[in-house]
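Here is the structure we will look at.
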Ligand SMILES: [Zn+2]
């Protein structure tokens, strides 16, 4: 026996009335943000801007790409994030996963290959075939560096644009593989080498806090600076330190003097930039920061003002 007709009519009316409400609850009006990734495709070993319109800084927007967080900051009426394609990431398609308070989106990102080339160098044999004590030392130092890279500020400490740490010319570009004493090292060169004589002042390319200033087997005297939101810069083969761990630095402050310490063939500055642990080309990254909106738009939010009061150098 079928239910009385008036019950069916009543049920249909309730459903019709509820459907738009349910749709509204799932997708509030104005919750469809516009997302742009520039440039696209993204070359391995570089970063790209993720521009989001239609969401504000209270939307709780977070991003994830290749297992690495993408941090966002407000700039005018939109949010900007920086996405990093590690130098070893194979070309192909990868999702950028975005989540916010009442929504989520997956955006396809194309990662393109880039030819970085191979260089050949000769170094003393003891620096290739490490003694037991040198090997132990290198492993111990690597652990210290990894631990230091973990202690990074979720707060953005830097302002654009980033500036070159020294005035010298880049003589060995980022991403090259190295044939060392005839043997190819599969790990690519994770920084840019600047040809500068020992004693050249090395300056902070952007505001931050010194994470580590120490002497290491491979990198020699090294300085690591945390710029917040996953950005870390590093300086190797230095002859003297001008900072110590914990020091706040402003863009242009002296960090150290360049030199020829550690495993080197001659005096130069090795300068590296990591974004969420991805190794990216520092020179290309500097160009990218010059495309970001100027500082005026990026001043800390009023609600963050207290937290910013203890910012480095201020
Ligand atoms: Zn180097």
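Here, each number is a calculation from the coordinates, and none is a lab measurement. Computed from a predicted model, the values in this text were never measured in an experiment. With ideal geometry, Cβ positions are generated from the backbone for all residues, glycine too; neighbour counts draw on all protein chains shown.
Normalised by the number of residues in the range 34-114, the average gap of Cα pairs under 8 Å and 6 or more apart makes the relative contact order 34 percent. Can you classify the range 118-294 as rounded, prolate or oblate using the Cα gyration tensor, where a ≥ b ≥ c are the square roots of its eigenvalues, rounded means a/c under 1.5, and otherwise it's prolate if a/b beats b/c and oblate if not? It comes out prolate by the Cα gyration axes. With the simple spin-label model, which puts each label point 7 Å out from Cα in the Cβ direction, the residue 146 to residue 198 separation comes to 3.3 nm. Quote the FRET efficiency, to the nearest 0.05, computed for residue 135 versus residue 181 with a Förster distance R0 of 25 Å and r equal to the Cβ-Cβ distance. Once the sixth-power term is evaluated, E becomes 0.90. Taken along the Cα-to-beta-carbon direction at a fixed 7 Å, the label points for residue 57 and residue 121 span 4.2 nm. Would you mind calculating the relative contact order of the range 118-294 from Cα pairs under 8 angstrom and at least 6 residues apart, reporting the percent as a whole number? The normalised contact order for the range 118-294 reaches 25 percent. What does the C-alpha gyration tensor say about the overall shape of the range 104-149? Classify as rounded when a/c is under 1.5, otherwise prolate if a/b is larger than b/c, or oblate. Since a/c reaches 1.5 but b/c is at least a/b, the shape of the range 104-149 is classed as oblate. Listing 170, 118, 223 from fewest to most neighbouring C-beta atoms within 10 Å gives 118, 170, 223. The label point for residue 88 and the one for residue 128, both projected 7 Å from the Cα toward the Cβ, are 2.1 nm apart. Under the shape rule built on the C-alpha gyration tensor, where the axes satisfy a ≥ b ≥ c, the range 132-201 is oblate, since a/c reaches at least 1.5 while a/b does not exceed b/c.
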